[in-house]
Every structure is written in structure tokens, then in C-alpha cells.
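Here the structure is laid out as C-alpha cells; the discussion comes afterwards.
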Amino acid sequence: MRDIPVGILGTGKYVPESRLTNQDLERMVETSDEWIVTRTGIRERRIADPAQATSDLAYEASLRALESAGLSAEDVDLIIVATITPDMFFPSTACLLQDRLGAKRAAAFDLSAACSGFIYGLATATNFIKTGMYRRVLVVGAETLSRITDYTDRNTCILFGDGAGAVVVGEVPEGRGFQSFVLGADGSGGELLRICGGGSRVPATERSVADKKHFLEMNGRDVFKFAVRVMGSSAEEALAKAGLDKSDIDLLVPHQANIRIVQAALERLGLSEDKAMVNLDRYGNVSAASIPLALAEAAEEGRIREGDRLVLVGFGGGLTWGSSVLVW
Ligand code: UT7
């Protein structure tokens, strides 16, 4: 069977209008703009309108991705939505999106790998195409993290925002596209970053709401250490699998969690700051949406040229991680 080269045919992004600044947060919890900027690099985040849910953000980003690929919704064979903030338990956000887009031919499912979800989604899409089962897959990372954030907890509320990014994955010319994927998981670290309420272990009750079990909880320090370790190692592994060296990287597109984590990855890879796409100052951490948002913005800003070698790398709850080498 021919090895089909698979890559990205189009990108799109959407962020809600409303901004939550560090100054706003200073009025909500015991924190300061100075602390947030020096510890995280974040200055503001976008917050969805009360009427907007995750599928609404996903829809806007998907329309733009399809337009940039020059395709219509009916050209899509499969929709994968990576999210930890689905509109509801089921139907999946991917099915809601399929209906809204009118992607009548498409199969659809959600993928749960937290902030690594978009990379997991790209790997899944690529393999469906390489086997010949599907030709075009819409991969979306979309989140309304403001709905699961406890705005009285200064350890977490300064970090998260809402937004969506989408790509259309399909066949590309020989020599282009995804050169490698690395996916990983370590479930023993699951307690470091999670929402434990609302599922079958801790169903929703008045007590679970009073105990704040439906909000995201995190051990920031341990997640930080894990992130620094895994960002460098999984990027190196993806480069080795692709037969490339660190010095071959034209642009690093990392998960946008904390500027210090990005800087540590750059240092390990021996890259200068201008080699990383960073937009966390404006959007904060948007979990599964963060890498596609950064990728779409890099493409819009003309930071990626044909033939450029990109490394996408993410980490998140699960614990999970993922990276990919991509020739644009
Ligand atoms: O997508 C994955 C999601 N999660 C992450 O990526 C999180 C990774 N972790 C981080 O980014 C960092 O650990 C944080 C930004 C969450 C925290 O930064 P840190 O440098 O690890 O701070 P820390 O937790 O070690 O806290 C240092 C101090 C503490 O005070 P004491 O105990 O030293 O007196 C905190 O109570 O800073 C305090 N602190 C704050 N102060 C002002 C914690 N949050 C805040 C705050 N404003 N918002």
C-alpha cells in the first residue's frame, strides 16, 4: 500500500470577544499583575459569552479552517473534537458540531486527553487517512475553561481561558506533512490535574457542588515539573523518529501553559526565543485549544513558510503528552 503523506490543509481559530485581564483578577482574588506576568507570562484571557458553549467556539474555528482549506463541510469524512469542556456528557461536541456545520457524510467523536488532546487528535486523523479509511478529517481543540474554573482559587483562576482552533487534515504533496508522532500517558499522575465530580465516581449532588468537585483542581508545582521534563523529552523523541536534529526546527508550537515552561523547553532544545510561537500572554491556557490556536495564529501572521519544519508539543491532565514533527 502507498504511504500517503498526510498534513494540514487549512487552519482556523476563534476566540470570544470578552477579555479577563490581570487587573480584573486583582479585584477578584489576592494576586497581582506583577505576580501573574512574572510567574506565567499571561496578561489576559478570553471568556465566552454566557450564551456560548464549546461547540459554538468550535463551529466558528471550523468554518475558518474549512475556508482556509478551500473545502466545504460535506468534504469532511470525520470530525474529532478534543475537549475537557464538552457542551454536555452526550451527545458528543463533535456530533453537535457535525450537525451545525452540515457535515452530513462525517463520522464524529470527542477525544479526551486534556491539553494533549489536539496532538492525540492529529495522530488519530493521520492514521485514519494513511490506512485509506478517510480522506479528510476535521480536528478541533475547543474549550470553555471559564465554566470549570473556580474564580475564588488564585492557584488556578489566573491561568485559564476560552477559545478554539481547528485544522483540516488530508493528503499533502510528497515530503510534506507529519513526519512523526509521539504520544504518552502516565495515569499514576491523574490526581495532579482533574475534575473529579460529575462522573460515575462522584456523581453530581448538592454536596458535590458545595464541595466544589465540579471545578478543575491542580497541583501546580508538580504539573510544572512534569511539563518541563516531558516537553523536552517528547520533542526530542519526535525529532529522532523523523530523522531530524534540534537545529532543524524552524518553529516550535508548544502548549501555551506558562512562559517559563516554554522557556525551559527552548533551553533544552537549544533554540532562541524567536523560534517559539507564543500567544499565551493574550489567551492564557486554553487546554486542547491552545496548540491549534497558536498554529492558526502563526499561519495567519505569516510566521510559517512552505517547507518549514515545525515541532508541536503538548502535555496535560491524565497525565498525557504528545508531540509531532510537521513539514509545512
Ligand atoms: O495545561 C496544564 C495545566 N497546568 C499547568 O500548566 C500548570 C503548571 N504550573 C504552573 O504554571 C505554576 O506552578 C503556577 C503558575 C500554577 C504556580 O507558579 P509557581 O511558581 O509554581 O508558584 P507556587 O505554586 O510555587 O507558589 C509560590 C507562591 C505561594 O506562596 P508561598 O507558599 O510561597 O507563600 C503561593 O501561595 O505564590 C503564591 N501564589 C500566588 N501569589 C499571587 C500562588 N498563586 C498566586 C497568585 N497570585 N495567583
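The values are calculated or read from the model by the stated rules, or taken from the named source; none is laboratory data. Small disclaimer: the values here were computed from a predicted structure and weren't measured. Methodologically, a virtual Cβ is constructed for each residue, glycine included, from the backbone with ideal geometry; neighbour enumeration extends over all protein chains shown. Quick note on the areas: whole protein, heavy atoms, side chains included, nothing else; ligands and nucleic acids left out. Shrake-Rupley method; radii C 1.70, N 1.55, O 1.52, S 1.80 Å.
For residue 11, work out the one condition from (1) part of a loop (DSSP other than H, G, I, E, B); (2) more than 16 Å from the ligand (Cβ to nearest atom) it doesn't fulfil.
(1)
Restricting the first residue to the stretch 8-34 and requiring it to be over 20 Å from residue 141 (Cα atoms) and open to solvent by 60 Å² or more (accessible area, probe 1.4 Å), which pairs with a second residue that is part of a helix (DSSP H, G or I) and of a type in the set (A, V, I, L, M, F, W, C) meet a Cβ separation below 9 Å and a spacing of at least six or different chains?
Pairs found: 26/36; 28/157.
Six or more apart or on different chains, Cβ atoms under 7 Å: show the pairs whose first residue is in the stretch 280-291 and over 12 Å from residue 262 (Cα atoms) and whose second is charged (D, E, K, R) and crowded, with 24+ Cβ neighbours inside 10 Å.
If the second residue must be charged (D, E, K, R) and crowded, with 24+ Cβ neighbours inside 10 Å, the pairs left are 283/45; 284/45; 286/143; 286/162; 287/143; 288/143; 289/143.
All but one of (1) over 21 Å from residue 153 (Cα atoms); (2) without any contact (Cβ under 8 Å) to a residue 12 or more places away in the chain; (3) open to solvent by 40 Å² or more (accessible area, probe 1.4 Å); (4) not charged (D, E, K, R) hold for residue 204; state the number of the condition that does not hold.
All conditions pass for residue 204, except number (1).
Go through the stretch 252-267 and report how many residues are without any contact (Cβ under 8 Å) to a residue 40 or more places away in the chain and either more than 18 Å from the chain's Cα centre (by Cα) or away from the ligand (no atom under 16 Å from the Cβ) (or both).
4
Residue 3 - would you say it is charged (D, E, K, R), open to solvent by 20 Å² or more (accessible area, probe 1.4 Å) and without any contact (Cβ under 8 Å) to a residue 60 or more places away in the chain?
no
Tell me which residues, restricted to the stretch 289-323, are closer than 19 Å to residue 179 by Cβ, more than 12 Å from the chain's Cα centre (by Cα) and open to solvent by 10 Å² or more (accessible area, probe 1.4 Å).
Scanning the stretch 289-323 gives 299, 304, 305, 306, 307, 308, 309.
Considering only residues of the stretch 23-44 that are more than 26 Å from the chain's Cα centre (by Cα) and among the β-branched types (Val, Ile, Thr), which is nearest to the ligand (Cβ to nearest atom)?
Restricting to residues being more than 26 Å from the chain's Cα centre (by Cα) and among the β-branched types (Val, Ile, Thr), the top hit is 31.
Just to be sure, is residue 249 β-branched (Val, Ile, Thr), open to solvent by less than 30 Å² (accessible area, probe 1.4 Å), within 11 Å of the ligand (Cβ to nearest atom) and not assigned by TED's automatic domain parsing to the domain that holds residue 163?
So residue 249 fails the test.
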